[in-house]
1. Using only the alpha-carbon atoms, how far is helix 153-162 inclined from the longest principal axis of the chain? Give it as 0 to 90 degrees, nearest 10.
2. Answer with one residue from 114, 255, 95: the one whose Cα lies farthest towards the positive end of the charge dipole of the chain, charges on Cβ with Lys, Arg +1 and Asp, Glu -1.
3. Tell me the mean residue ellipticity at 222 nm calculated for the chain from its helices only (DSSP H runs of n ≥ 4, each -39500 (n - 2.57), averaged over every residue, nearest 500).
4. Which of 11, 136, 96 ends up with the largest GNM mean-square fluctuation for the chain, with Cα atoms connected below 10 Å?
5. Calculate, for residue 187 and residue 142, the FRET efficiency according to 1/(1 + (r/R0)^6) with r their C-beta to C-beta distance and R0 41 Å; round to the nearest 0.05.
6. Mind pulling the angle between the C-alpha long axis of helix 126-139 and the longest principal axis of the chain? Nearest 10 degrees, somewhere in 0 to 90.
7. Long-range amide H contacts for residue 96: which residues qualify at under 5 Å (H placed 1.01 Å from N, peptide plane, sequence gap of 5 or more or a different chain)?
8. Could you derive backbone 3J(HN,Hα) for region 193-209 from the dihedral phi with the Karplus parameters 6.51, -1.76 and 1.60 (θ = phi - 60°), listing whole Hz in sequence and x where the residue is Gly or Pro?
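Only the coordinates and a few stated rules stand behind these numbers; no lab work does. Please read all numbers here as calculations on a predicted model, not as lab measurements. Note that we place each Cβ from the backbone using ideal geometry, even for glycine, and neighbour counts take in every protein chain shown.
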Amino acid sequence: MSSNQEKIVECYTGNSEDGRQNYSRNDSLEFYYTKKHLDGLIKNTDRVLEIGCATGYYGFYYADKCKEYVGVDLMDFHIDTFNKKIRESGVKNLSCQVGDATDLENIANDSFDVVLCLGPMYHLPLEERKLVFAECSRVCKTGGIVAFAYITSIGTYAGACVYDDWRKTYPNEKTNDYILNKGTDDERPELFFFTMPEEMESIAKEQKLTKIKNLGTNFMCFMKIVNDMTDERFEVLRPLHDKMCEHESCTGMAGHALLVCSK
């Protein structure tokens, strides 16, 4: 069980994850580029497991692109919402269950072709992130795909330093210590945890996972600019954002990123 489970549950209680992909343009980019980075890796014959499935955004997106999709989430109220949506939609190859990413006790070894971990890394310290890597590797078939979403420390901090509402506060010595040294949020240090691409790749290597790509999905330094732009202006920016999400040299400056591996 994750050591900060109560704080994670408290964070999400009353804060709807349903529709988060449309909260803002910057939020939507995380979902758009996550899907883009996974293009071609999920086949219609695959069993797909998503850990941290929330209320089923990716599940419904991939339902007609795979054989079976199983979601796992720590929050029973997320699973209740997801199950309700499954019943109402009539989609037959979707299911979901409550579970802890650090101990997937109800999931058999080598049982899924694709394992997506698209949220737990945001809330777990290093040693517990390693447990999640181990569990994801365990339940994935040899030759399968495993993907991990995470928050970068440098990209997040740099974004805070240039964001209009925050740059009077950042940088500061406390944040230097918390984010750069401890890898945790300065305001909610037991709830949000940050890492860097190299650390994620190192943990993957420990689990005998082979990196396919490690790319950004959105960039906090662009957050306010992106959210305030007109649609027409954003379309002019999009080619730059596309390039930043295509090159690993930019990943450390991302806000959110996705490490995709093979087992």
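1. 40
2. 114
3. On the way: 9 runs with 98 residues, N = 263.
Dividing the helical sum by the residues of the chain leaves -11000 deg cm²/dmol.
4. Result: 11 has the largest fluctuation of those listed.
5. Numbers: r = 42 Å, r/R0 = 1.02.
Once rounded, the FRET efficiency stands at 0.45.
6. 30
7. Hits under the 5 Å cutoff: 71.
8. Residue by residue, region 193-209 yields 10, 10, 8, 10, x, 5, 5, 4, 5, 5, 5, 4, 5, 4, 8, 6, 9 Hz.
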